[in-house]
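One structure is given here, and the rest of the page talks about it.
What follows is calculated from the coordinates using simple rules that are stated; it is not laboratory data. Source: prediction; values computed, not measured. As a convention, Cβ positions derive from the backbone with ideal geometry for all residues, glycine included, and neighbour counts pool all protein chains shown.
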């Protein structure tokens with residue numbers, strides 16, 4: 001290597017180091033954003049845990065099963081997911097009009113509820129009234 005070629009090599013090495021450093025910080029920033037989403041409160045959803053079924057504490061029997069735990073997750077994009085005993089039993093979309101909520105499932109099951117002060121009350125499958133808390 002001649003003395004004339006040395007500065008060009010150093011410039012190339014400096015550029016590679018700078019580019020690698022920039023990529024490192026971009027990766028760090030992307031990873032930090034992902035980390036905030038997964039470990040912090042979920043900004044794209046609200047989850048409500050079942051407290052009572054027709055006024056009775058859990059375990060309760062409805063939908064022809066014994067329910068030890070249940071939750072409804074309302075996603076900000078209008079989707080919802082209903083889980084019983086850790087398994088998804090129904091999913092679909094929801095729409096709010098003031099404190100009133102309307103749910104429709106992928107199976108075309110329709111039901112309604114209200115959401116006030118962190119309490120979600122839902123009437124499902126006839127006379128069953130479920131009360132969820134955030």
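Summary table below
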read-out: Top-ranked residue in segment 112-134 [being loosely packed, with under 12 Cβ neighbours inside 10 Å and touching a strand residue (DSSP E or B) at 6+ places or on another chain (Cβ under 8 Å); ranked as farthest from residue 49 (Cα to Cα)]; value: 125
read-out: Restricting segment 100-134 to residues that are within 15 Å of residue 46 (Cβ to Cβ) and outside any strand (DSSP E or B), the residue that is farthest from the chain's Cα centre (by Cα); value: 117
